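Each value in this text was obtained by applying a stated rule to the coordinates, not by laboratory testing. For clarity, every value in this text was computed on a predicted model and none was experimentally measured. Positions of Cβ are backbone-derived with ideal geometry, glycine not excepted, and every protein chain shown enters the neighbour counts.
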């Protein structure tokens with residue numbers, strides 16, 4: 001059950017009104033309290049675009065979950081509630097209509113008991129009624145109002161934390177991309193011996209036997225008649241030829257070293273950044 005001690009905390013924490021199914025009906029707008037005992041009896045849920053519309057929801061049977069209020073009604077039932085001006089007061093007839101919509105007992109008897117009275121201003125953004133700023137609660141009617149902000153402060157208040165000034169700061173994350181050098185691998189030179197076949201053609205020479213016959217002439221008759229008239233004779237000729245001779249020598253052919261050079265590539269970085277957005281709530285666009 002909600003108590004008056006919860007009002008400050010609920011208004012300051014910017015919570016929501018949730019249905020029994022956990023659906024968000026709207027953000028917490030104003031809280032109405034009973035003048036007699038100060039107990040909260042109604043809460044308004046801001047619905048519509050930018051929360052410009054507020055629907056009244058009874059706090060009977062409601063409970064607190066963190067910064068939210070869970071009411072025993074569906075989202076559609078709250079949105080279909082009778083439209084009542086959130087000017088800080090609930091007339092008895094208006095409250096009867098709301099009781100009837102939510103099928104709560106005591107709608108008629110309440111109207112009879114409070115005939116001719118107003119219900120007071122709402123706890124929330126409208127501030128304390130002028131006659132009750134010192135007392136803290138409305139003195140007339142059934143439902144009083146409450147505001148955690150100082151009534152003399154007309155610049156508004158920060159509902160999410162300590163009040164600073166009449167403006168809020170919007171911040172955003174910006175991407176700052178740099179580079180760092182890190183080792184990506186190692187390279188080394190290693191020398192080893194391999195074998196391969198080399199084919200090369202080399203010209204070679206050889207001697208071949210050839211028989212030459214010449215006639216006896218005056219020039220060679222002396223040599224021809226130098227021996228016996230008839231005899232046996234044998235002449236031997238040695239033949240020669242060239243054969244390939246293989247010789248190997250080791251010669252230096254090149255020098256190899258490792259060196260580095262710097263090249264530039266383009267790398268696309270994709271990262272998510274957060275930005276704060278500021279939207280108006282309850283501001284008349286025609287006044288801009």
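Any number yet on Rg/Rh for segment 160-261, C-alpha, Kirkwood?
Over the Cα atoms of segment 160-261, Rg/Rh equals 1.73.
What full-extension length gain, to one decimal in nm, is calculated for residue 276 and residue 93 as 0.36 nm per residue of separation minus the Cα-Cα distance?
Computed gain between residue 276 and residue 93 is 61.6 nm.
R0 = 51 Å: FRET efficiency of residue 249 with residue 180, Cβ-based, nearest 0.05? It would help to have the intermediate numbers written out before the result.
On the way: r = 52 Å, r/R0 = 1.02.
Approximately 0.45, to the nearest 0.05.
Taking every pair of alpha-carbon atoms in segment 1-60, give the share separated by more than 20 Å as a whole percent.
Here the long-distance tail beyond 20 Å is 22 percent of all Cα pairs in segment 1-60.
Once fully extended, how much extra length lies between residue 200 and residue 188, figured as 0.36 nm per residue of separation less the alpha-carbon to alpha-carbon distance?
0.8 nm
Order these peptides, 67-77, 5-15, 246-256, by their mean beta-carbon neighbour count within 10 angstrom, highest first.
Listed from highest to lowest mean packing, they are 67-77, 5-15, 246-256.
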